[in-house]
Amino acid sequence: MNQTTTRISPEEIDRQRGFCAQIKAVNAALPTPPLALVDTYGCQQNEADSERLRGYLSEMGYAFTQSEAEADVIVLNTCAIREHAEQRVFGNLGALVHTKRRKPDQIVCVCGCMAQEKHVADKIRQSFRHVDLVFGTHALWRFPELLWRILSRRGRVFDIPDEAGSIAEGIPVRREGKVKAWVSIMYGCNNFCSYCIVPYVRGRERSRRPEDILAEVRQLAAEGYRDITLLGQNVNSYGRDLGLPGVDFAWLLEQVDAVPGDFLIRFMTSHPKDASERLFDVMARCEKVAPHLHLPFQAGNDRVLQAMNRRYTREHYLGLVRALRQRIPDIVLTSDVIVGFPGETTEEFEDTLKVLEEVRFDALFTFIYSPREGTPAARMPDPMSKEEKAANFQRLVDLQNAISAEKQAAYVGRTLRCLVDVLSDDPRHDLNARTPGGRLVHFSGDKALLGQFVDLKITGSSTWALFGELAREE
Ligand code: 5AD
Ligand code: SF4
């Protein structure tokens, strides 16, 4: 096994749960349970981390609230991927000064990717004096101990270890809902795409042991979860650090598929340099694996891809799409794209548009490049004006919207086995479901259908959603 992956011992996690018990004893003396609020920004990995923070908080005897004014403990689980995400956190953090003035015992915590950045921690230390606790991604497993320090001694605590990262099993999880569940299979990233902050704040790639992952999936299936998403920054390199012969992501997918139960398996994110035809074969063969691949291509021009340090070419990417569609013709394909990478010309950007036309993605996540301190791209000359980038971005969005609308319209008239995954908050329909490929369907029906697979006839579509009705038995 790779020596660099630190595994937090079960005794250490027991010690953390001991701090939970100590806090619980203090909380039990209060007339009503104190309240906690965990506010999550960013990606699914952060959602999954927040479920662990809530698991710990629940063990400490906290109940949960959505109200910042009421909360005794507020945790902001932050995202550093783009400047906009950081500004939102700073904005909300600033507003908590007033909340805390009215409730001076309130404990404000900041964790996640921003907290792991030194310049952010310094800024919070100096300018956000109402923040009590700051802990980086690598310190999440010791949240109970850190919170205990605050509760027993007050004062401020900053825990931002500069390390490659570890794996901690056995942290309690409090999941949102009973239908969909996240399962992290690995943490961190080794790719160092030149624009991306993730490798700096989430550490090196490290894989959970297959037996730990499979035990979690088995338990979720037994509890009736219907949609299980395997999470990792780059799931295609799963297992490389484990040194176990034959263990890779395709193998893991087959093992998860073999777990008994009626559930769908999704996964994200995949990197084109590591996605293999073997993986596509396994996807085609495994019944539970959803016909959906999120495969970010980021840019359609080879010079830009190289400057991004993506380590594949446009032709390689298009070849992957062809190989995948050969095996799974109705695969739903989604991707991420960055517009305005430093030095990208409008002509080079047009190669991105050509990829859109050639592949015809079902949906696209589009971003304007945002410089991240400490990454190589942030030091590259970036001569294009904001206005020109915005104009290119608009061209991209317009083209994709037209493609999405056409692809969505092609569903009309089809009947698909969909999973009813959430109650709708839109008064025009009761329920939301997902097609096997993950497209959103609005429909009306009995709320008791939540968590069930139903046959839906698609009757209408828009750029973002499908509309359907329960199919009548013939
Ligand atoms: N600027 C803009 N978009 C970025 N992404 C990652 N880093 C940046 C950045 N600095 C995008 C990539 C990635 C997605 C999660 O976020 O497209 O796939
Ligand atoms: Fe960032 Fe690239 Fe790693 Fe994705 S693969 S997290 S874009 S460095």
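In region 448-466, is there at least one residue being among the β-branched types (Val, Ile, Thr), closer than 30 Å to Val355 by Cβ and either crowded, with 19+ Cβ neighbours inside 10 Å or touching a helix residue (DSSP H, G or I) at 6+ places or on another chain (Cβ under 7 Å) (or both)? Among the residues of region 448-466, at least one is among the β-branched types (Val, Ile, Thr), closer than 30 Å to Val355 by Cβ and either crowded, with 19+ Cβ neighbours inside 10 Å or touching a helix residue (DSSP H, G or I) at 6+ places or on another chain (Cβ under 7 Å) (or both), which makes the answer yes. Inspect all residues belonging to region 201-211 and state whether any of them is out of contact with any Gly (no Cβ under 7 Å at 6 or more places or on another chain) and within 16 Å of ligand 1 (Cβ to nearest atom). Taking every residue of region 201-211 in turn, at least one turns out to be out of contact with any Gly (no Cβ under 7 Å at 6 or more places or on another chain) and within 16 Å of ligand 1 (Cβ to nearest atom). Residue count for region 232-279 satisfying the condition of being closer than 18 Å to Pro436 by Cα and within 15 Å of ligand 2 (Cβ to nearest atom): 3. Tell me, which residue of region 174-196 that is assigned to a loop (DSSP other than H, G, I, E, B) and away from ligand 2 (no atom under 16 Å from the Cβ) is surrounded by the most Cβ atoms within 10 Å (Cβ to Cβ)? Ranking the qualifying residues of region 174-196, first place goes to Val179. For region 162-200, filtered to residues that are within 12 Å of ligand 1 (Cβ to nearest atom) and among the β-branched types (Val, Ile, Thr), the residue that is farthest from Ile368 (Cα to Cα) is Val198. Checked against the criterion of being part of a helix (DSSP H, G or I) and either away from ligand 1 (no atom under 16 Å from the Cβ) or hydroxyl-bearing (Ser, Thr, Tyr) (or both), region 368-388 has at least one qualifying residue. When Val339 is tested against the conditions (1) within 16 Å of ligand 2 (Cβ to nearest atom); (2) in contact (Cβ under 8 Å) with a residue 60 or more places away in the chain, the lone failure is (2). Within region 48-84, the set of residues being more than 16 Å from ligand 2 (Cβ to nearest atom) and part of a helix (DSSP H, G or I) comprises Ser50, Glu51, Arg52, Leu53, Arg54, Gly55, Tyr56, Leu57, Ser58, Glu59, His84.
Take the conditions (1) under 25 Å from Glu216 (Cβ atoms); (2) assigned by TED's automatic domain parsing to the domain that holds Phe19; (3) in a loop (DSSP other than H, G, I, E, B); Ile171 misses just one of them, which is (2). Looking only at residues of region 191-238 that are closer than 14 Å to Lys180 by Cα and touching a residue at least 60 places away in the same chain (Cβ under 8 Å), we find that the one that is nearest to the chain's Cα centre (by Cα) is Leu231.
Looking only at residues in region 197-206 that are near ligand 2 (Cβ under 9 Å from one of its atoms) and of a type in the set (A, V, I, L, M, F, W, C), the one that is surrounded by the fewest Cβ atoms within 10 Å (Cβ to Cβ) is Val198. Just to be sure I understand, how many residues within region 347-383 are more than 30 Å from Arg325 (Cβ to Cβ), touching a residue at least 24 places away in the same chain (Cβ under 8 Å), surrounded by fewer than 18 Cβ atoms within 10 Å (Cβ to Cβ) and not small (Gly, Ala, Ser)? Number of matching residues: 7.
Any residue at all in region 421-436 that's surrounded by 15 or more Cβ atoms within 10 Å (Cβ to Cβ), modelled with pLDDT under 95 and more than 28 Å from Leu333 (Cβ to Cβ)? Yes, there is a match, as at least one residue in region 421-436 is surrounded by 15 or more Cβ atoms within 10 Å (Cβ to Cβ), modelled with pLDDT under 95 and more than 28 Å from Leu333 (Cβ to Cβ). Select, from Thr334, Thr352, the only residue that is assigned to a strand (DSSP E or B) and either closer than 28 Å to Leu440 by Cβ or more than 16 Å from ligand 2 (Cβ to nearest atom) (or both). Among Thr334, Thr352, only Thr334 is assigned to a strand (DSSP E or B) and either closer than 28 Å to Leu440 by Cβ or more than 16 Å from ligand 2 (Cβ to nearest atom) (or both). Among the residues in region 101-115, are any outside the structural domain of Phe367 (by TED's automatic domain parsing), within 16 Å of ligand 1 (Cβ to nearest atom), within 25 Å of the chain's Cα centre (by Cα) and more than 25 Å from Asn236 (Cα to Cα)? The answer is yes; a qualifying residue exists.
Checking Phe393, Phe453 one by one, the residue that is under 29 Å from Ala284 (Cβ atoms) and either outside the structural domain of Tyr195 (by TED's automatic domain parsing) or within 16 Å of ligand 1 (Cβ to nearest atom) (or both) is Phe453 and no other. Looking only at region 85-114, filter to residues that are touching a Phe, Trp or Tyr at 6+ places or on another chain (Cβ under 8 Å) and of a type in the set (Gly, Ala, Ser); which one of those is farthest from ligand 2 (Cβ to nearest atom)? Step by step, filter region 85-114, then rank; the result is Gly94. For region 22-44, the set of residues classified as part of a helix (DSSP H, G or I) and in contact with a helix residue (DSSP H, G or I) (Cβ under 8 Å, 6 or more places away or on another chain) consists of Gln22, Ile23, Lys24, Val26, listed by residue number.
The values are calculated or read from the model by the stated rules, or taken from the named source; none is laboratory data. Since the model is a prediction, treat every value here as computed from it, not as a measurement. Cβ coordinates were reconstructed from backbone atoms using ideal geometry, including for glycine residues, and neighbour counts include every protein chain displayed.
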